[in-house]
Amino acid sequence: MTRKKTAVTPPPLASHTTGERPASAPGRGVVVLLTVGTGLSVANNYYVQPLLGDIGRDLGLPEGQAGLLVTVAQCAYAAALLLVLPLGDLLERRRLIVILSSACAASLVLMATARSQPALLLGAGLVGLCSVTTQVMVPYAASLAAPDQRGRVVGTVMAGLLCGILFARTVAGALAQWAGWHAVYWCAAGLMALLAAAAVLFLPRYQETGTPGYRHLVASVFQLFAREPVLRLRAAYGALSFGAFSVLWTALTFLLSAPPYGYSPGVIGLFGLAGLAGALAAARAGRLADRGLAHQVTGISSVLLLVVWLPLGLGGTLLPVLVLGIAVLDLAAQALHITNQSEIYRLAPQFRSRLTAAYMTTYFLAGATGSALASLAYARQGWTGVSVLGAALGAATTVLWGISTLRLRARHRRAP
């Protein structure tokens, strides 16, 4: 490896076919930048949630149509996971991060200037496509980390992602109340432009070698899904948990903006902080996975995803119970998500971007479905219908864990 003698030039390209880390592990500054970058990138898909009421009133949209903004963004994100994310195994990853971050900044400007539903939907779709930067960064961090520290590094970067999801609502709500919802997207565009510049200056270059062409990359996503039972199982867990997560956060704005609460966007955004403690606690799930406790964490998280809908259901009229339910659901969903990613990254190091694509495409398609169903359930049955829908997803997650436990025990009995 060679190093140029200029102060601002990042370290040289680390190329290999084994998927192991480059000669030097990432420094703390690189991990911090990736952590902040994942948070900023993923936040772009969640700013809209506390703004749905204001956007609907501004554009004259009913609740069901306003909720389509979330669904469109998540569907576009899922498409990018399948079609764009595999490029992380083909292209130099720092360059890909810079390109996607810059494109995301331009798409956010489109949302900031939108004055009609079609323009806003187009902007939301483009932002969803470009926000796949987040999922380029996570396997990138895993590849840079030492094998015995991979769960910790992934957990740290994922903590940034989870904080981005939760703080997005709080910041968007507060800023919209002060300066209007358009200002939210102007600020987000500026942050993504800064992220692109920081990536150029500080991230190390990294690229896998011996990678096949793009068509083969996309096809191999499906091949990996068919070949790896652990990937299929973890994708199912992720789909059910993120479906429940999306059900809560899509319908929560409708609940809190209506009687008996009647909160403003700024106050609604503060509810993102209720899930922050749970999300930060969930970051330890990566360390538990490193210690071989992934199955146990999965079981606890699955049961919590079921039982939490009792306090959430009562939270339709009891605010403290609602806040408790939000924190517990975020803890369970994010602990399960981190555990899932820690497990799939152990399967084939050289395929991490494609493994992420297979897992996260399923994950966000389920999230888009959950958002759409939540809007429909709230329109027809109110908060009770939303709670029943979420509980059904939690029950399915628990049943899946029970089946996998029985299969695991049977496998152990057959082992010599």
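The values are calculated or read from the model by the stated rules, or taken from the named source; none is laboratory data. None of the values given here were measured: they were computed from a predicted structure. So basically every Cβ, Gly included, is an ideal-geometry build from the backbone, and we count neighbours across all protein chains shown.
Please verify whether the stretch 247-257 includes one or more residues that are among the hydroxyl-bearing types (Ser, Thr, Tyr), touching a Ser or Thr at 6+ places or on another chain (Cβ under 7 Å) and either touching a residue at least 12 places away in the same chain (Cβ under 8 Å) or crowded, with 19+ Cβ neighbours inside 10 Å (or both). Yes, there is a match, as at least one residue in the stretch 247-257 is among the hydroxyl-bearing types (Ser, Thr, Tyr), touching a Ser or Thr at 6+ places or on another chain (Cβ under 7 Å) and either touching a residue at least 12 places away in the same chain (Cβ under 8 Å) or crowded, with 19+ Cβ neighbours inside 10 Å (or both). Taken together, Tyr261, Tyr214 contain a single residue that is out of contact with any strand residue (DSSP E or B) (no Cβ under 8 Å at 6 or more places or on another chain), over 30 Å from Ala106 (Cα atoms), among the hydroxyl-bearing types (Ser, Thr, Tyr) and at pLDDT below 95, which is Tyr261.
When residues in the stretch 70-114 are screened for being assigned to a helix (DSSP H, G or I) and of a type in the set (Asp, Glu), 1 of them pass.
The conditions of being out of contact with any His (no Cβ under 7 Å at 6 or more places or on another chain), modelled with pLDDT of 80 or more and within 22 Å of Phe242 (Cβ to Cβ) are not met by Leu33.
Can you say whether Thr369 is buried (at least 24 other Cβ atoms within 10 Å of the Cβ), in contact with a helix residue (DSSP H, G or I) (Cβ under 7 Å, 6 or more places away or on another chain) and of a type in the set (Ser, Thr, Tyr), as far as the supplied structure shows? Please lay out each step first, then the result.
Working: buried (at least 24 other Cβ atoms within 10 Å of the Cβ): no; in contact with a helix residue (DSSP H, G or I) (Cβ under 7 Å, 6 or more places away or on another chain): yes; of a type in the set (Ser, Thr, Tyr): yes.
When the stated conditions are applied, Thr369 does not pass them.
Being assigned to a helix (DSSP H, G or I), at pLDDT below 95 and more than 30 Å from Tyr214 (Cα to Cα) narrows it down to one residue among Leu393, Leu310, Leu389, Leu376; which is it?
Values: Leu393 fails: at pLDDT below 95; Leu310 fails: at pLDDT below 95; Leu389 fails: at pLDDT below 95.
Leu376 is the lone residue from the list that is assigned to a helix (DSSP H, G or I), at pLDDT below 95 and more than 30 Å from Tyr214 (Cα to Cα).
The one condition from (1) surrounded by fewer than 24 Cβ atoms within 10 Å (Cβ to Cβ); (2) of a type in the set (A, V, I, L, M); (3) farther than 20 Å from Gln334 by Cβ that Ile268 does not meet is (1).
The helices (runs of 4 or more DSSP H) falling completely within the stretch 132-221 that include 2 or more residues that are out of contact with any Leu (no Cβ under 7 Å at 6 or more places or on another chain), crowded, with 22+ Cβ neighbours inside 10 Å and of a type in the set (D, E, K, R) map to 150-179. When you check Ser353 against the structure, is it in contact with a strand residue (DSSP E or B) (Cβ under 9 Å, 6 or more places away or on another chain), in contact (Cβ under 8 Å) with a residue 40 or more places away in the chain and either buried (at least 24 other Cβ atoms within 10 Å of the Cβ) or among the small types (Gly, Ala, Ser) (or both), yes or no? When the stated conditions are applied, Ser353 passes them.
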